[in-house]
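Below is one structure; the comments refer to it alone.
Read-outs throughout are calculated quantities, based only on the coordinates presented, and are distinct from any laboratory measurement. Predicted, not measured: the structure shown is a model, and the values here were computed from it. Here the Cβ positions follow ideal geometry from the backbone for every residue, glycine too, while neighbour counts run over all protein chains shown.
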Amino acid sequence: MFPQDRTVPVGANTTFCCIVEEGTDFKSILYGSTVMNVKRLSRRSYATTAVNQNISGKSGTNVVCLSNDPSKLTGAVIFVGYPPLLSKFECETRDLIIAECQWEEGRRTNLYRKNASRYSVNERDCPERQRCTLSQWEGNWTLLAVNPLGQDSLTDSAEVSHRVHPVAPVKLTPVAHAWNATVLWEWTYSSYSSLALVCQVELASHNTMLGNFSGVGLRSAVLLDLQPDEEYKVQVRCGSQKNFWKWGDWSKALSFKTKPYVPDAPDVWMWMNRDNTGLVVWKPLTRRQSHGQIVGYKVTLWNSEENEQHTEILSPESKVLPVNLTRWASFSGDNKVIATVNAKNVEGMSQPASVLLRLIDDEPPALAHTVYTSTGFPLSWQHNDNSTCGYLVEWCNALCTRDCPVDWIRLDAGNTNISVQSADFQPGVRYNFSLYGCPSDFPVLTHRWQGYMQELAPSSSVRLEITQQGCDVVLTWEEIPLAGRRGFLLGYNVYISNGSQLTRLANLDLGTRTYTKKGLSVSIHKFTVKAYTSAGEDTGGTASIRLESCDGLILEILASLGMVTLLLATVAYFCYKKRRWVKKAFYPDIPEPKLPGDWFRTQGPLDVKPPPHSMVHIIEKPERDSSKDALVVIPEEEEDDGEGIGDEPVDTDEPQSLRYYNQVVDERPIRPRFPDSSVSSSSSVDSANTDVTYTGIQTSCSSLVFRSDSQCSSEGFQPHTGFSVSSGDRGGGYQPQMQPVALGGNLASPEPLVEPQVVSSGGYKPQSSWLLDSPTETDEKISPPPSLGSPTSVASTQFLLPDSEEHEEERRQPSSSAAAWFTNLLSSAKP
Amino acid sequence: MNGHVKNMHLQQLVEKAATLLCFLLLLAVDSTKTVAASRNQECGYDLQQTLRLSRQVHKETGNLIKKYKASEGEMAELFCKASISGIPDPNIYGLEPSERIASIYTQLQVFSPHLKRVHEQQMDLQPKSPLLNLINIVRDQSRRLTLRINNIYRIFFPNLPLPEPAGGPTTLPPPQNVFQQKVYGCVVLTTYKKLLTNISKDMRTLKSKVCRRAPASEFNFFR
């Protein structure tokens, strides 16, 4: 490929030609990574032109001719750059003989190795790229730069005295004292001894200072206003004083330390308690004030008039001395005690610092508020024109009342304001500030302030007390202690707790510490009182109260009791007066079963209506208790009532109409129990031991007992055989109530049952003579023959009422069996 | 009778001498085994160190190739795929270990002037390029590897002289244009890396084959 290794300026156009090997197929030409448009020149020759070429990389731009065989790679490299461009060409001298010329490249050519620029000054080659040294000061210089793309040149001319660039001073040496020092140095070239020089000395301690010194062949500088016992670091550089060209190089840094000196007088102040004790306090001397290591303090208390004196030597860490002036005999009078403090270091004792010890604030001025700003607590006051004294502003924590660690600052006369700042100020702490006039001679307290650096919400809460006064709730509380306020209190908020929420009831000013809440209901109430500052509320003091009824509670109770008593009396009286009605309403008499006159002709169940006059036949069993065996005659008073049966003719002479209640089984008061009446006969099976036999009229089912019909025949004899009467049997027209009575082994055999019945039922003998007409009972010859008046239990005193269905059924029963039964009855009833 | 007695004494002497000879032979065999064992340890250590060094050079050469491609301008990756004449062969020849070690040594020696040429060319093309430092690192390590191979050969084959490269001193390519220099440098480095790959493989093989054969007499080295 052609051309090879060409160097061209930026923006030029270059045409490349590629000739591929015989037998190889051309593919493309790449300029960098760009596929070029190719023109075929011949069978194996191809050309392309790169236009407006950009600056190439350090290794040039690759132009690659690709063929179908990647192993056969051909190509070229082209370098695109700039011609040289020079700037800042100047020559100077260090030793006043040799010329040292320097320059800069105005633009990078981007050409390297053999294409790089070549420089010469006054036709002397310069091997270094931007610097050339000429052995003689020629006064005029021409710099020429050349590269394949072009050349550039610059000229310079100057006298040697105008181009002096001094070298750095060497061998710096200090001569140090307490308040000053001298720095000495030397020059590398002797030619400087006749050169007018200006030198700059940089002195560094806590801050850096620059000082200028001048002179011919300058070799030293005196440094003034230094601090005793202080470390310093110094550097020096110089320039030509006449025709100043530029500052020379800085010397190496030199360190030295000044010598110590007696300390400054300490700043002394005092704090007096009301009991004539107090503190003499002084500020520790700073390093600048101590002028060396402090070895101790001497404190002297003396009375000039009495010439009384007391001295104490304190350690260097001390900054306070407690004093008790009551021990001084002269203090009670108008004589003054003065405290004098001296600081001491290795060089000696400082000047004394004095303060008059006396209680100043006998009638202290009112405290004004001061609000902290970014510069501190601003304090201002009126200047007393008659006073030529200075001022002292003192501050301390307002909580402190005795032996307080005060801080202070002294001000010159004429000052009328200050902004007090201290690193010790803390948020939420109240500080008291006091302004004293003439603090050194006769201090007078003139102003007082108080303030917070930053107000916070109170850290403690009010102690809340709660009482009930009548129907009202009264809240009272005390002031929050000063330590817990952490700000100026602005007032109190009173809240009532409503579940988890607080509802504010009132906002009270600072002077109000009681609150009355009216109109509360009788229940438990919870109140919270929160004091607040400009920063917010405290957590709050909380108290609860159970509010009692407040309007005649006892009277209400008595009235209620009286009303209840009256009501009870009224009810009792009414009941007494209407006791018959009550009895009738709530305890009605049991209606007597009554037998209608033509009861035997009815096909349905018998209407049991006791006759107006019943006869009772009592058969007593000798071995029974007479009281239990007694038969009770059912009162017949109410028998006329009910269902119109009283109009029917009743045969009162008929023994069947009698009804007995055996109290052996049931001693309850006898009441009519109609639903159970039908069981009275059937349940007599269970009451096998009863001695009572009654021949009362049975229900309709009883009348069917002796029928051959199985429906009721089972009821007729089952009681005697010990079998239970079951409603599921459906043998009778009634639902018998089951009242099983323990019969022991008697149930197994009916025999024992028979004898007592036979004995006891002597008055009913005719009944026992009745014959069974029920075929189902004929087999049971051992059982007594069923009869209407058969021995039975009267444990159930209720009548059996037939089911309507069965009643209907019974109505349909042929009357033949009833007639037969009646015939039997009549025959047996006849003696 | 006397003759018979003399024969008896002679026979006894011969038997004693034979016994002593057998004993001495056993001692000799035993001492030979001890020497072989100690040599075996040394063999393993040397080959292991050489293998480690060859891997390190291989890794450094890989890094160098990446940097080379990055510093030679666009499409420089095509340079390494080119085929140019005069580049040494990266293969190692020989059947016996001695031949293969000698071949490794020879190949490393042959590559050395090519690496130097690449360094010179890059110095001319990019005088302040960090690539130059990388090339120097690879050259230094390559020299150390060559010395180590030489040392191994002399230890295991003390009586066999190292053969000189066939064809005499290495022939370098004639002056080239910048494009050819770029291609040449990339191909040299790529081929050298292949050689290092082969060396590492051979070192592993040699270590496993040679250093685990206990009797020295069985080594091909000592034939």
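Can you grab the distance from the C-alpha centre of segment A:369-408 to the C-alpha centre of segment B:98-154, Å, no decimals?
Value for the Cα centre distance between the two parts: 85 Å.
Got a sec? How would A:CYS91, A:CYS17 order by Cβ neighbour count within 10 Å, fewest to most? Don't skip to the answer; put the middle values down first.
On the way: A:CYS91 26, A:CYS17 16.
Arranged by neighbour count, lowest to highest, A:CYS91, A:CYS17 become A:CYS17, A:CYS91.
Among the lysines, which have Cα under 27 Å from the Cα of A:LYS319 when same-chain residues fewer than 8 positions away are ignored?
Candidates past the 8-residue exclusion: A:LYS259, A:LYS283, A:LYS298, A:LYS336, A:LYS344.
Can you spot the lysines whose alpha carbon is less than 21 Å from A:LYS530's alpha carbon? Ignore those fewer than 8 places along the same chain.
Filter leaves A:LYS517, A:LYS518.
Check A:VAL337: other-chain or 5+ apart residues with amide H under 5 Å from its amide H, H built from backbone geometry?
A:LEU357
Determine the gain in length on full extension of the stretch A:GLU186-A:THR401; use 0.36 nm per residue of separation and subtract their C-alpha separation, reporting nm with one decimal.
On the way: separation 215, 0.36 × 215 = 77.40 nm, distance 6.56 nm.
Gain on stretching A:GLU186 to A:THR401: 70.8 nm.
Show me, for segment A:162-170, the HN-Hα J-couplings you get by feeding each phi into the Karplus relation (A = 6.51, B = -1.76, C = 1.60, θ = phi - 60°), rounded to Hz, glycine and proline as x.
Those phi angles translate into 8, 10, 8, 10, x, 6, 6, x, 10 Hz.
Can you tell me the FRET efficiency between B:LEU162 and B:LYS16 if r is taken as the Cβ-Cβ distance and R0 is 35 Å, rounded to the nearest 0.05?
Details: r = 49 Å, r/R0 = 1.41.
That pair, B:LEU162 with B:LYS16, gives E of 0.10.
Which entries in B:LYS59/B:LYS194; B:LYS128/B:LYS182; B:LYS128/B:LYS194 show an alpha-carbon gap greater than 20 Å?
Working: B:LYS59/B:LYS194 11 Å; B:LYS128/B:LYS182 17 Å; B:LYS128/B:LYS194 28 Å.
Cα-Cα > 20 Å for B:LYS128/B:LYS194; rest within.
Taking R0 as 41 Å, what FRET efficiency do you get between B:MET123 and A:ARG43 from their Cβ-Cβ distance, rounded to the nearest 0.05?
Working: r = 40 Å, r/R0 = 0.98.
Efficiency, from the Cβ-Cβ distance: 0.55.
If a paramagnetic tag sat 7 Å from the Cα of A:SER87 along the Cα-Cβ line, which residues of segment A:149-193 would have the backbone N under 17 Å from that point?
Within reach of a label on A:SER87: A:152-155.
Using a Cα-Cα cut-off of under 29 Å, which lysines could be cross-linked to A:LYS242, ignoring same-chain neighbours fewer than 8 residues away?
In chain and number order, the partners are A:LYS88, A:LYS171, A:LYS233, A:LYS252.
Using 0.36 nm per residue, how much length does the chain from A:SER387 to A:PHE442 gain when fully extended, once their Cα-Cα distance is taken away? Write out the running numbers ahead of the final one.
On the way: separation 55, 0.36 × 55 = 19.80 nm, distance 1.18 nm.
In short, 18.6 nm is gained.
Note down the net charge around A:TYR515, summing +1 for each Lys or Arg and -1 for each Asp or Glu among other residues with Cβ under 13 Å from its Cβ.
My count for the surroundings of A:TYR515 gives +2.
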